[in-house]
Amino acid sequence: MATTSGKSARQRVPASERRDALIDAAIHEFAHGGLHGTPVDRIARRVGVAQPYVFSLFASKRDLFLAAVERCFTRVGELLARAAERYDPEMAPPGGDRLLAMGQAYVDTLKTDRDDLMLQLQAYAACDDEVIRDCVRGLYARLVRDVEALTGADEERIDNFFRYGMWLNVAAAMGVEDLSVGCDWVRREPAPEAL
């Protein structure tokens, strides 16, 4: 459809689609800049809207951050649930089980999509804000309960699963495969100059 000036008219995008696009853009931007280091205008530009439009959909920057964090945790939960659903004991390697299959799915994702893990780290770092802290605690607790329900594993194995997951997050954020005391990069890494 053309306007009288010859330029094509823009097609109106429903607010729900813009909201989803803003959350996806926020995941990427907040993952790399954090809550306080990411201007809302950068998120708006990524989606092609003006900053005031963002605030017509989200009451505050914190609300947009929380929506991004919630989607991030939901995606991780969905990833783990899919891995549990696909687990086939007949096809599993010896000693394998549903919890190990879920862990492997998480490891594979860390290699290809770092935004969710980086946003998790940013969410933990923003927990000085009580509202964010309460939200992140609830999302983390939900994830733990979901893993328990999907696997039936005992508390010690679940604790170790999440400890190792945090270890993986830190390693992936630093761009290394291993954080062990004796790993090559730790031994080779020069110490920073004294301040």
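The values are calculated or read from the model by the stated rules, or taken from the named source; none is laboratory data. Everything numeric in this text was worked out from a predicted model, so none of it was measured. Because the Cβ atoms are built from the backbone with ideal geometry, glycine has one as well, and the counts that use them run over all protein chains shown.
Of everything in the stretch 31-53 that's among the β-branched types (Val, Ile, Thr) and within 21 Å of the chain's Cα centre (by Cα), which residue is nearest to GLN120 (Cα to Cα)?
THR38
Restricting to the stretch 144-191, count the residues that are under 15 Å from MET102 (Cα atoms), without any contact (Cβ under 8 Å) to a residue 40 or more places away in the chain and among the polar types (S, T, N, Q).
Looking only at that region, the number is 1.
Report those helices (runs of 4 or more DSSP H) wholly inside the stretch 31-147 carrying at least 2 residues which are over 20 Å from MET166 (Cβ atoms).
Here the list reads 40-47, 51-57, 61-86.
For the condition among the charged types (D, E, K, R) and under 18 Å from GLY77 (Cα atoms), what is the one hit in GLU189, GLU148, GLU156, GLU177?
Just one listed residue meets the conditions, GLU148.
Tell me, please, whether a residue that is farther than 27 Å from ILE27 by Cα, surrounded by 13 or more Cβ atoms within 10 Å (Cβ to Cβ) and either in contact with a Phe, Trp or Tyr (Cβ under 9 Å, 6 or more places away or on another chain) or of a type in the set (D, E, K, R) (or both) can be found in the stretch 107-117.
No, that holds for no residue.
Answer yes or no: is there a residue in the stretch 4-20 that is of a type in the set (A, V, I, L, M) and either at pLDDT 95 or above or at positive phi (or both).
No: the stretch 4-20 contains no residue that is of a type in the set (A, V, I, L, M) and either at pLDDT 95 or above or at positive phi (or both).
Return the total of residues in the stretch 26-55 being farther than 21 Å from PHE73 by Cβ and in contact (Cβ under 8 Å) with a residue 24 or more places away in the chain.
5
What's the number of the only condition in (1) free of Cβ contacts under 8 Å to residues at least 60 places away in the same chain; (2) closer than 24 Å to VAL136 by Cα; (3) buried (at least 16 other Cβ atoms within 10 Å of the Cβ) that ARG82 fails to meet?
(3)
Can you tell me which residues in the stretch 139-195 are of a type in the set (Gly, Ala, Ser), more than 24 Å from ARG114 (Cβ to Cβ), touching a helix residue (DSSP H, G or I) at 6+ places or on another chain (Cβ under 9 Å) and exposed (fewer than 13 other Cβ atoms within 10 Å of the Cβ)?
Within the stretch 139-195, GLY152 is the sole residue that qualifies.
Of all residues in the stretch 92-107, how many are modelled with pLDDT under 85 and out of contact with any Pro (no Cβ under 9 Å at 6 or more places or on another chain)?
4
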